[in-house]
Amino acid sequence: MADEKVLEIHHLSKTFGTNVVLRDIDFSVRAGDVTCIIGASGSGKSTLLRCINLLETPTTGEILYHDVDITDRKVSVPSYRTKVGMVFQNFNLFNNMTVLENCMVGQIKVLKKDKEEAKKKAMMFLEKVGMAPYINAKPRQLSGGQKQRVAIARALAMEPEILLFDEPTSALDPQMVGEVLAVMRTLASEGLTMIIVTHEMAFARDVSNRVVYMAGGVIEEEGNPADIFGNPQKSSTKEFLNRFMQG
Amino acid sequence: MSLPSDFLGRMLFILHEYGPSFLRGAGKTMAIAIVGTLVGCIIGFAVGIVQTIPVSKNDSFAKRFLLKTVKIISNIYVEIFRGTPMMVQAMFIFYGSSALFNFNMSIVFASYFIVSINTGAYMAETVRGGILSIDPGQTEGAKAIGMTHFQTMINVIMPQAIRNIMPQIGNNLIINIKDTCVLSVIGVVELFYATKGVAGAYYTYFEAFTITMIIYFILTFTCSRILRHWEKKMDGPDSYDLATTDTLAYTSGMVRFPDPKEKEDR
């Protein structure tokens, strides 16, 4: 079971007008994998992640989730999205709801759970990210790191199989980065399947079991973190990592 | 009883004599304005929401065709009713309905109808603007937890859009309170029409319209205050309670997470 591929991407391309953002991407994720996607800004990392969640419609190619092509028109996108959650760079918490409501609304409206059950589950995950005391706060009353932790709890409350993180710490100051990464480390150690687009190289090295380096809309190199960071094969990867490690 | 010789006296005199007329007129004005604004809001929400439904290439031909048709019709509606004076619309609809369709509207129904569709046309644009003003991230956040477009609209976008367009709804209500006076052309006895009748009885135009000015102002000012208060209430309290029995246990920024890296370092 552990080796089962939950997500397979074949020949995925995405163009915006004449601008080719992703070129023939092939890539798969097994259950329990923590995959970090690294690369310079504009290399297509975020677009790849957004394609996986179908927030962007791929131009060509297929995305297989448990062997079902979800780019097929007949597949229900909303129910797929309950299985593949997403955490955004800008948190995207619902501003009209409290922290608790943010974590309950999806369970109630989408998964059709009753209120009590949804509240219990929401509290469980808020506890986990350390935001349980703040259930009555509105997003505008929270700091960035707190917002992101709530956003993670909101995504977890749907009990997804895969969780996508789109630069979850890029909008945060260094101290807040720490608190969010700590939560993500816990999730990784618990065996949640995650795909993480990040600029936190140390985090990618320590937490992931696969690293994908992207440049110019293609996957330049992928492998386990020790190989990518310790012994990169391509010069472009080397150059990119050098720049980061010095910085 | 004869007319007093001083201005204030004459005002009090006609107020005493015709007070109920003014009140009935003001009541009708408020009824038309409030019903018109409410129904107009409903029309506006419907049209505004339809106009912001995204169409993707993946949708079926029937759905795209239907949406396109509805959008064109609602556009025509908005442009026509925004682009012509309400006074002319009132004449056109009230007399046109009996001339063309042999449908005799009551004057009161006609006034509710005209104010409603007129407000609806303005509100449609306001609602569209309100929806566009919400950060697209909110929609993405909702979609990412599996909400459909409809669920996203109801639970996430509209509550925020409504808060943002509250000042404009208030604006519309106040405009409607004042603009119902143009409906006097079809003979509905609202405040302006009532005042004309009162003024004519003793030729006390200045006095009667002074009273009416004051009444209009009281109506609009009260409404704007009530709406402002309502807006504040919608915003909710500025502070929140920490959900913990020990108030010192978790204060903001005090939560520390064990960092596995730190442990290794030690």
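The values are calculated or read from the model by the stated rules, or taken from the named source; none is laboratory data. These figures come from a predicted structure and were not determined experimentally. Methodologically, a virtual Cβ is constructed for each residue, glycine included, from the backbone with ideal geometry; neighbour enumeration extends over all protein chains shown. Just the protein is used for accessible areas: all its heavy atoms, side chains included, with ligands, DNA and RNA removed. Shrake-Rupley method; radii C 1.70, N 1.55, O 1.52, S 1.80 Å.
Of everything in segment B:93-105, what is in contact with a helix residue (DSSP H, G or I) (Cβ under 9 Å, 6 or more places away or on another chain) and open to solvent by 20 Å² or more (accessible area, probe 1.4 Å)? Give them in sequence order. Talk me through it step by step, then tell me what you get.
Let us first name the residues in segment B:93-105 that are in contact with a helix residue (DSSP H, G or I) (Cβ under 9 Å, 6 or more places away or on another chain), namely B:93-95, B:97, B:103-105.
The answer is B:I93, B:F94, B:Y95, B:F103, B:N104, B:M105.
Go through segment A:72-84 residue by residue and tally those that are surrounded by fewer than 16 Cβ atoms within 10 Å (Cβ to Cβ) and at the interface with chain B (Cβ under 8 Å from one of its Cβ atoms).
Number satisfying all stated conditions: 2.
If B:I32 satisfies every condition in (1) part of a helix (DSSP H, G or I); (2) open to solvent by 50 Å² or more (accessible area, probe 1.4 Å) but one, which is the exception?
Exception for B:I32: condition (2).
Within segment A:1-43, can you find the residues that are without any contact (Cβ under 8 Å) to a residue 24 or more places away in the chain and either in a strand (DSSP E or B) or crowded, with 16+ Cβ neighbours inside 10 Å (or both)?
A:F16, A:N19, A:S28
Among the candidates B:I49, B:I53, B:I32, B:I14, single out the residue that is out of contact with any Gly (no Cβ under 6 Å at 6 or more places or on another chain), farther than 30 Å from B:A124 by Cβ and in contact (Cβ under 8 Å) with a residue 24 or more places away in the chain.
Just a single option satisfies the conditions, and that option is B:I14.
Residues being part of a helix (DSSP H, G or I), basic (K, R) and more than 7 Å from chain B (Cβ to nearest Cβ): count how many of those fall in segment A:85-142.
Total meeting the criteria: 6.
Can you name the residue in segment A:147-204 that is of a type in the set (S, T, Y) and within 13 Å of chain B (Cβ to nearest Cβ) and, of all such residues, is farthest from A:G130 (Cα to Cα)?
Filtering first and then ranking leaves A:S189.
Is there a residue being over 19 Å from A:A153 (Cα atoms), crowded, with 17+ Cβ neighbours inside 10 Å and of a type outside the set (V, I, T) anywhere in segment A:226-236?
Yes: one or more hits.
Evaluate segment A:19-36: report whether one residue or more is at pLDDT 90 or above, under 13 Å from the mean Cα position of the chain (by Cα) and more than 21 Å from A:M158 (Cα to Cα).
Scanning segment A:19-36, I find at least one residue that is at pLDDT 90 or above, under 13 Å from the mean Cα position of the chain (by Cα) and more than 21 Å from A:M158 (Cα to Cα), so the answer is yes.
Looking at segment A:117-135, is at least one residue buried (at least 18 other Cβ atoms within 10 Å of the Cβ) and free of Cβ contacts under 8 Å to residues at least 12 places away in the same chain?
yes
Any idea which of B:Q168, B:Q160, B:Q151 is under 24 Å from B:H229 (Cα atoms), within 14 Å of chain A (Cβ to nearest Cβ) and either open to solvent by less than 10 Å² (accessible area, probe 1.4 Å) or not acidic (D, E) (or both)?
B:Q160
Just to be sure, is B:I73 of a type outside the set (D, E) and within 11 Å of chain A (Cβ to nearest Cβ)?
no
Could you pull out the residue among A:L156, A:L164 that is surrounded by fewer than 24 Cβ atoms within 10 Å (Cβ to Cβ) and touching a residue at least 40 places away in the same chain (Cβ under 8 Å)? If you could, list the steps in order and put the result at the bottom.
Details: A:L164 fails: surrounded by fewer than 24 Cβ atoms within 10 Å (Cβ to Cβ).
Going through A:L156, A:L164 in turn, the sole match is A:L156.
Looking only at residues that are at the interface with chain B (Cβ under 10 Å from one of its Cβ atoms) and either on the phi < 0 side of the Ramachandran plot or surrounded by fewer than 17 Cβ atoms within 10 Å (Cβ to Cβ) (or both) in segment A:54-71, which one is nearest to the chain's Cα centre (by Cα)? Explain how you work it out, then say what you get.
Start the filter on segment A:54-71 by keeping residues that are at the interface with chain B (Cβ under 10 Å from one of its Cβ atoms), which leaves A:54-55, A:57, A:71.
From the residues that got through so far, the ones that are either on the phi < 0 side of the Ramachandran plot or surrounded by fewer than 17 Cβ atoms within 10 Å (Cβ to Cβ) (or both) too are A:55, A:57, A:71.
Details: A:L55: 13, A:T57: 17, A:T71: 19 Å.
The extreme case among them is A:L55.
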